[in-house]
Amino acid sequence: MTKQQAFWQWFREHERELFNFERDRERTFDQLADQLKKVDANLTFEFGPKATRREFIISAGGIRSAFHSVSALVATAPALEHWQVTGFRPRRWPPNVIQFGGKTIDPDDVQFTLLDDGRATGIYLFLPGYSEADTDLKQIGYLLLDSTLGEYDVETRLGLIKMLPPEAETPGKRYPLSELPTQFDQLVSKLGLGDGRA
């Protein structure tokens, strides 16, 4: 039995508890995280809201070397009556206000400049209060990008990612974060990098 098959066997055996994880969130999440680590130590997860079917998102946690593990696990997922299995954090619009490490960023306060060198895309992301030493705000920046573009596109189609405070002087016009998905998809298409939606 492969480690992917072993994971899905465990998932099926615990499907009821996972579907109703709100009853014992901490224990259920710890058990699921332990099982995912047996496949790849970098894998993380998210659950969608409770409905007839519930989304189970398997993420590489933004770590490129774990992308193969996500793809392999999703590819071996059995047919599950109550679950939709999704590989990589998808785009979610509008992104929520993000709190991390005691810091809070409202997406409405974030701007960007998209970079184009004729071969690859890049981005300047302007975060209020940002400094190079602030790892919490850097993490928020990556979470915002994942929400706006999707985890797969951020890691595979976005080259340079530079986070800056709004007062930084940079070339290029700045736009509100709400315009990023459209501009990004257009640039990816122009550069022949795919359609921008994995």
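The values are calculated or read from the model by the stated rules, or taken from the named source; none is laboratory data. Bear in mind the structure is a predicted one, so any value in this text is a computation, not a measurement. Positions of Cβ are backbone-derived with ideal geometry, glycine not excepted, and every protein chain shown enters the neighbour counts. To get the accessible areas, we keep the full protein, side chains included, count just its heavy atoms, and leave off ligands, DNA and RNA. Shrake-Rupley method; radii C 1.70, N 1.55, O 1.52, S 1.80 Å.
Side notes on the structure shown:
- Rolling a 1.4 angstrom probe over the protein heavy atoms with all chains in place gives the chain an accessible area of 54 Å² per residue.
- Fraction of accessible area attributable to carbon and sulfur, the chain (%, probe 1.4 Å): 48
- Antiparallel beta bridges, as assigned by DSSP with both residues in the chain, represent about 60 percent of the total such bridges.
- Extended-chain gain in nm, criterion 0.36 nm per residue less alpha-carbon gap, Thr170 and Trp93: 25.0 nm
- Simple label model, 7 Å out from Cα along Cβ direction - Asp136 to Glu46, nm: 2.1
- Percent of Cα pairs in the stretch 67-194 per distance bin of 5 Å, from zero to the largest separation: 2, 10, 19, 20, 19, 13, 9, 5, 2, 1, 0.
- Stretchable slack from Asp106 to Val74, in nm (0.36 nm times residue separation minus alpha-carbon distance): 8.3 nm
- Here the translational diffusion coefficient of the stretch 1-62 follows from Stokes-Einstein with Rh set to the Kirkwood radius across Cα pairs; for 4 °C and 1.567 mPa s it amounts to 107 µm²/s.
- Rounded to 5, percent antiparallel among DSSP beta bridges of the stretch 113-198: 50
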